[in-house]
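A short write-up of the structure that comes next.
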Amino acid sequence: MDYYYRKAKAEGYRSRAAYKLKEINGKYNVIRRGNIVVDLGAAPGGWIQVSREIVGDDGLVIGVDINEIEKFPWSNVITIQADITDEKIVEIIRSVIPNGRMVDVVLSDAAPKISGIWDTDHARQIFIAENALKIAKELLKPDGRCVIKVFQGPLLNDFINKVKGEFVEVKIFKPSASRKESSEVYVIAKRRKISLSQK
Ligand SMILES: C[S@@+](CC[C@H](N)C(=O)[O-])C[C@H]1O[C@@H](n2cnc3c(N)ncnc32)[C@H](O)[C@@H]1O
């Protein structure tokens, strides 16, 4: 049991990953009070808890996972059991957002089950990250932000270039709660590049 695992248990977070999002948000101010946040690959729910703390009573947090997410006591947290690579996923998420509102933040900590075959895991993870980017493009406001987990490897540069094609500010960050031996890093993107015709 490591430091962040014990800290999460003691502080009531469902995952040690909660501290990764706290650190990301402390540094990049991605999630703000009152925001609508979509959290992809959200089970068991540590990032949902951190997001809910930040958005407060007036925001909305929507968590999506292929596995069931145990219910939370807050009325402004909605959980959806779905595959984020499903072609209907944007429609499914939109159906739970009131008044057709756009989203402030898309988070993705989604990762495939690790097979141990490094190339395969990297490729699967980048595929999931590409789906998260696609969802972000559909749902985010022009000043929307996103955080997407990726695994380092040969496909990463191409993915980062795709993110750079969509957002003005793009940063790569490895939080201290991310295990050193893990190849995961987070892509943080702000300010969408939207042409006048899309506005
Ligand atoms: C590292 S965990 C997320 C932990 C979460 N951020 C937290 O703080 O509790 C990764 C999650 O991604 C989910 N996942 C992987 N592939 C998915 C997919 N195609 N669609 C939806 N969820 C997926 C897994 O089921 C798993 O729960």
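Points worth noting:
Results for (1) at pLDDT 95 or above; (2) out of contact with any Gly (no Cβ under 6 Å at 6 or more places or on another chain), shown as yes or no for each residue.
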| site | (1), (2) |
| --- | --- |
| TYR5 | no, yes |
| TRP47 | yes, yes |
| SER51 | yes, yes |
| ASP58 | yes, no |
| ALA82 | yes, yes |
| ILE93 | yes, yes |
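- Residue in the stretch 9-44 that is nearest to the chain's Cα centre (by Cα), counting only those that are within 11 Å of the ligand (Cβ to nearest atom) and more than 21 Å from PHE173 (Cα to Cα): ALA43
- Whichever residue in the stretch 102-112 is within 16 Å of the ligand (Cβ to nearest atom) and within 28 Å of PRO142 (Cβ to Cβ) and, among such residues, is surrounded by the most Cβ atoms within 10 Å (Cβ to Cβ): LEU107
- Boolean, ASP121 is modelled with pLDDT under 95 and within 13 Å of the ligand (Cβ to nearest atom): yes
- Residue match in the stretch 133-142 (condition: within 16 Å of the chain's Cα centre (by Cα) and under 30 Å from TYR3 (Cβ atoms)): no
- Residue list for the stretch 84-101, restricted to those being exposed (fewer than 14 other Cβ atoms within 10 Å of the Cβ) and either within 10 Å of the ligand (Cβ to nearest atom) or assigned to a loop (DSSP other than H, G, I, E, B) (or both): ASP86, GLU87, LYS88, SER95, VAL96, ARG101
- Restricting the first member to the stretch 43-56 and to residues that are closer than 13 Å to VAL105 by Cα and in contact (Cβ under 8 Å) with a residue 40 or more places away in the chain, and the second to residues that are near the ligand (Cβ under 6 Å from one of its atoms) and assigned to a helix (DSSP H, G or I), the beta-carbon pairs closer than 7 Å and six or more apart or on different chains are TRP47/ALA18.
- Scanning the stretch 185-199 for residues being modelled with pLDDT under 95 and of a type outside the set (Lys, Arg) gives a total of 5.
- Restricting attention to the stretch 45-76, the residues that are in a strand (DSSP E or B) and more than 13 Å from the ligand (Cβ to nearest atom) add up to 1.
- Long-range neighbours under 8 Å by Cβ, at least six apart or interchain, first residue among the basic types (Lys, Arg) within the stretch 74-94, second modelled with pLDDT of 95 or more: ARG94/LEU139
The values are calculated or read from the model by the stated rules, or taken from the named source; none is laboratory data. This structure is a prediction, so every number in the text was calculated from the model and none was measured. Note: ideal-geometry Cβ built from the backbone for every residue, glycine included; neighbour counts use all protein chains shown.
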